[in-house]
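The values are calculated or read from the model by the stated rules, or taken from the named source; none is laboratory data. Predicted model only: the values in this text are computed from it and were never measured.
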Amino acid sequence: MANLPTIKQLRYLIELEKHQHFGHAAEASFVSQSAFSVAIRELESTLDVKLVDRTNRSVTFTTLGRQIAAQARLCLFDMEGLIDIANEQREPLSGELRLGAIPTIAPFMLPEILPGIRKSFPNLDLYLKEDQTLTLYDELMQGSLDVILIALPYELKNVQTLPLFKDHFLLAAHKKTKLLENPEKFRANHLKQGEILLLEEGHCLRNHILSALKLKNHDRLNRFSATSLLKNTHVSLHKMNKSYIREIALVWRASSARGDEFGQLGELMQKLAKKLASP
């Protein structure tokens, strides 16, 4: 029987195609660059093909390399399916579960609901990752994550989505501002050029806010971007019109055999979040 690639080698190949850089791919795989490079060379030797062209500064996948990387993803999907089938025989929501969450949810929601999840499912080993929506979605579809906690709307394919709750936007402004006589009737188009500060590009919350504000002129956006919450400032928060919302949802692969488990987890998250919102 011919030698077969290992799961580790296939995972490394997918990371290399994603990052197009040996050092970055090795870092993402939590191994040294030398060990990562050896694994890719061993994969090429096993398959007896050249997968990438190497230079000092870049990595270029060969046509065959791209085809094999695409097939490697399918192989890993099948392996994940084997694990899911095995998990069906265990106690629901026990063992390992890898949850991804976006930065505008993870630090605020998860610390509050994790104790309730642990109490309900004491045999669940929950591993958390925080990142932007696109990265989480890619890792979900590659099998690196089991479920992701994100904000909608966001274009998703081949997934099952369970809406959890609506997240209402608040307006942050200086306490002494004279621009806000009635925050609930606030309209961004009434502001001057450069007076709106949003999160940096890449955060889905930025796009959600732009959509909700219905700006006619993006010149009102400040050319600087916020990367974290404002601290030690004279800023106050105001409730806005109820139409300014986004929806928080739990998402998993439509093909996952653990869909019923993830739905059960989502229902628990709904209950816990509702308790937190209650006065």
*asked:* Which of the numbered conditions does Y127 fail, given that it passes all the others? Conditions: (1) aromatic (F, W, Y); (2) assigned to a helix (DSSP H, G or I); (3) within 27 Å of T6 (Cα to Cα).
replied: (2)
*asked:* For the stretch 75-108, give me the residue count where each residue is assigned to a helix (DSSP H, G or I) and modelled with pLDDT of 85 or more.
replied: 1
_For Y12, only one of the following conditions fails: (1) at pLDDT 90 or above; (2) more than 22 Å from the chain's Cα centre (by Cα). What is its number?_
(2)
*From the residues in the stretch 22-64 that are on the phi < 0 side of the Ramachandran plot and among the acidic types (D, E), which one is nearest to the chain's Cα centre (by Cα)?*
E27
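Quick one: in the stretch 1-26, which of the residues that are part of a loop (DSSP other than H, G, I, E, B) and aliphatic (A, V, I, L, M) is nearest to T60 (Cα to Cα)?
So the first thing to find is which residues in the stretch 1-26 are part of a loop (DSSP other than H, G, I, E, B), and the list is 1-6, 20-21.
Remaining after also requiring aliphatic (A, V, I, L, M): 1-2, 4.
On the way: M1: 31, A2: 27, L4: 24 Å.
The qualifying residue nearest to T60 (Cα to Cα) is L4.
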